[in-house]
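One structure is given here, and the rest of the page talks about it.
The values are calculated or read from the model by the stated rules, or taken from the named source; none is laboratory data. Nothing here was measured: the structure is a model prediction, and the numbers come from that model. All Cβ positions, glycine included, derive from the backbone under ideal geometry; neighbour counts span all protein chains shown.
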Amino acid sequence: MKNLVKDKRAQGFTIIEVMIVLAIAGLIMAIVFFAVPQLQRNARDNQRQSVANRVKAELDTYSGNNQGAYPFTYSSGTTAVPAAWTAAANCPISTGGGVKSCQDFANRYLANVNINDPATNAAMPIFISKQTSAPGAPGWVKGQLYIAVGAKCSGDQIVASAGNSTYAVVVGLDRTNTDYCVDNG
């Protein structure tokens, strides 16, 4: 019969194996620690870009339903330049004398659009202007939406364009000095 001798050595992990596992776990945690804020910024920026695209689509729909006029364009072709408005506030554009109303646009077209800034969950202010440069250099204000009348996009900034029927929608993003611009040209 065979003589069975049991090995009395301890079973388990060596200190080197434990240190390697802890080092790998620490490396994974460091990667996650630095990646999560960037992912959150990207998600907020994507949401802001989505709002800008949706506002542009609603402006185009409004124009299609109103013989090519935009809510910021008088029937004579001159452009009103209000300071700021939101869907909840009264627009500073008069509705008399054949003027297409931005309040009508806000009530009928933006009522079902979530125009809240993802960082604050407050309504994004919408500024309409003939201004073709950022109100604060460099870059547009994060979480605010700008409709620049008579402008078109050049990268993420706007440049003047002939006519009052062109516009660019710009929103400031979380990424430093980065904006998102979409136009109807």
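Brief remarks follow.
- In the stretch 42-55, the residue that is modelled with the highest pLDDT out of those that are of a type outside the set (Gly, Ala, Ser) and either over 29 Å from residue 109 (Cα atoms) or surrounded by fewer than 14 Cβ atoms within 10 Å (Cβ to Cβ) (or both) is 46.
- Residue ID - surrounded by the fewest Cβ atoms within 10 Å (Cβ to Cβ), chosen from residues in the stretch 90-133 that are in a helix (DSSP H, G or I) and at pLDDT 70 or above: 107
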